[in-house]
Amino acid sequence: MKKIIPFVIVVAVVLIGLYFIKSKQVDTNVPVVVDEQVVVEKYIRDNIKTLAPEDPVLGGSWYVVDVSVDSTAKKGEVLYEDGHIQGRANFEYKLEMNKVTISNIVKK
(Lines give C-alpha, C1' and ligand atoms only; values in the text may rest on other atoms or scores of the structure.)
Protein backbone atom coordinates (compact mmCIF):
# COMPACT_ATOMS: atom_id res chain seq x y z
CA MET A 1 0.00 0.00 0.00
CA LYS A 2 2.87 2.38 0.81
CA LYS A 3 4.33 1.87 -2.69
CA ILE A 4 1.02 2.56 -4.43
CA ILE A 5 0.57 6.08 -3.01
CA PRO A 6 3.75 7.54 -4.61
CA PHE A 7 2.85 5.79 -7.88
CA VAL A 8 -0.65 7.32 -7.84
CA ILE A 9 0.84 10.76 -7.13
CA VAL A 10 3.30 10.45 -10.05
CA VAL A 11 0.53 9.32 -12.41
CA ALA A 12 -1.69 12.20 -11.29
CA VAL A 13 1.09 14.75 -11.85
CA VAL A 14 1.80 13.34 -15.33
CA LEU A 15 -1.89 13.42 -16.28
CA ILE A 16 -2.29 16.99 -15.03
CA GLY A 17 0.82 18.02 -16.98
CA LEU A 18 -0.51 16.40 -20.16
CA TYR A 19 -3.83 18.18 -19.69
CA PHE A 20 -2.14 21.59 -19.50
CA ILE A 21 0.13 20.85 -22.46
CA LYS A 22 -2.79 19.77 -24.67
CA SER A 23 -5.03 22.64 -23.60
CA LYS A 24 -2.41 25.30 -24.34
CA GLN A 25 -3.50 27.43 -27.29
CA VAL A 26 -1.04 27.85 -30.15
CA ASP A 27 -1.14 31.16 -31.97
CA THR A 28 -1.44 30.25 -35.65
CA ASN A 29 -1.41 33.89 -36.76
CA VAL A 30 2.33 34.24 -36.26
CA PRO A 31 3.95 35.34 -39.53
CA VAL A 32 6.40 32.92 -41.08
CA VAL A 33 9.82 34.50 -41.44
CA VAL A 34 11.67 33.26 -44.50
CA ASP A 35 15.38 33.76 -44.87
CA GLU A 36 15.60 36.01 -47.91
CA GLN A 37 19.09 34.91 -48.85
CA VAL A 38 18.06 31.26 -48.96
CA VAL A 39 15.03 31.99 -51.14
CA VAL A 40 17.04 34.08 -53.63
CA GLU A 41 19.91 31.57 -53.74
CA LYS A 42 17.51 28.70 -54.42
CA TYR A 43 15.85 30.69 -57.20
CA ILE A 44 19.23 31.42 -58.82
CA ARG A 45 20.29 27.77 -58.57
CA ASP A 46 17.00 26.52 -59.99
CA ASN A 47 16.96 29.01 -62.89
CA ILE A 48 20.60 29.63 -63.85
CA LYS A 49 20.06 28.00 -67.27
CA THR A 50 17.74 30.85 -68.27
CA LEU A 51 19.35 33.61 -66.19
CA ALA A 52 22.97 33.29 -67.35
CA PRO A 53 23.89 36.19 -69.65
CA GLU A 54 25.74 33.89 -72.07
CA ASP A 55 25.22 30.54 -73.74
CA PRO A 56 26.97 27.36 -72.58
CA VAL A 57 29.46 25.71 -74.95
CA LEU A 58 29.99 22.22 -76.38
CA GLY A 59 26.56 20.96 -75.33
CA GLY A 60 27.05 21.78 -71.66
CA SER A 61 24.42 23.28 -69.40
CA TRP A 62 24.90 25.87 -66.69
CA TYR A 63 24.95 24.99 -63.02
CA VAL A 64 25.74 27.18 -60.04
CA VAL A 65 29.06 26.86 -58.25
CA ASP A 66 28.51 29.67 -55.74
CA VAL A 67 25.99 32.41 -54.97
CA SER A 68 26.33 35.34 -52.61
CA VAL A 69 23.33 37.50 -51.76
CA ASP A 70 23.36 40.91 -50.07
CA SER A 71 19.81 41.21 -48.74
CA THR A 72 20.39 44.80 -47.59
CA ALA A 73 21.39 46.07 -51.04
CA LYS A 74 19.13 43.58 -52.88
CA LYS A 75 22.11 42.52 -55.00
CA GLY A 76 24.21 39.44 -55.45
CA GLU A 77 26.85 37.60 -57.40
CA VAL A 78 26.69 34.17 -58.98
CA LEU A 79 29.52 31.92 -60.14
CA TYR A 80 28.38 29.32 -62.67
CA GLU A 81 29.87 26.87 -65.15
CA ASP A 82 28.91 24.32 -67.76
CA GLY A 83 31.78 21.88 -67.34
CA HIS A 84 33.87 23.66 -69.98
CA ILE A 85 33.83 27.37 -69.14
CA GLN A 86 33.04 29.37 -66.05
CA GLY A 87 31.16 32.64 -65.76
CA ARG A 88 30.51 35.19 -63.06
CA ALA A 89 27.69 37.73 -63.00
CA ASN A 90 26.26 40.39 -60.74
CA PHE A 91 22.51 40.69 -60.35
CA GLU A 92 19.82 42.72 -58.63
CA TYR A 93 16.60 41.25 -57.33
CA LYS A 94 13.21 41.93 -55.80
CA LEU A 95 11.46 39.61 -53.39
CA GLU A 96 7.74 40.13 -52.97
CA MET A 97 5.42 37.53 -51.44
CA ASN A 98 8.22 34.93 -51.74
CA LYS A 99 8.41 35.57 -55.51
CA VAL A 100 11.89 36.43 -56.76
CA THR A 101 12.42 38.71 -59.75
CA ILE A 102 15.97 38.99 -61.09
CA SER A 103 17.02 42.11 -62.97
CA ASN A 104 20.21 43.62 -64.31
CA ILE A 105 22.18 40.39 -64.50
CA VAL A 106 25.55 41.44 -65.92
CA LYS A 107 28.56 39.27 -66.70
CA LYS A 108 31.73 40.29 -64.87
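The values are calculated or read from the model by the stated rules, or taken from the named source; none is laboratory data. This is a predicted model, so every value here is computed, not measured. Using ideal geometry, Cβ is built from the backbone for each residue, glycine included, and neighbour counts are taken over all protein chains shown.
Of note:
- For segment 90-105, filtering for residues that are more than 14 Å from the chain's Cα centre (by Cα) and surrounded by 10 or more Cβ atoms within 10 Å (Cβ to Cβ) leaves 9.
- Scan segment 50-64 for residues that are within 15 Å of F91 (Cβ to Cβ) and not aromatic (F, W, Y) and the total you get is 6.
- Any hit, segment 70-88, residues being exposed (fewer than 10 other Cβ atoms within 10 Å of the Cβ), at pLDDT 85 or above and in contact with an Asp or Glu (Cβ under 9 Å, 6 or more places away or on another chain): yes
- Residue in segment 33-40 that is surrounded by 10 or more Cβ atoms within 10 Å (Cβ to Cβ), of a type in the set (A, V, I, L, M, F, W, C) and at pLDDT below 75 present: yes
- Residue in segment 55-66 that is within 14 Å of K108 (Cα to Cα), of a type in the set (D, E) and over 17 Å from the mean Cα position of the chain (by Cα) present: no
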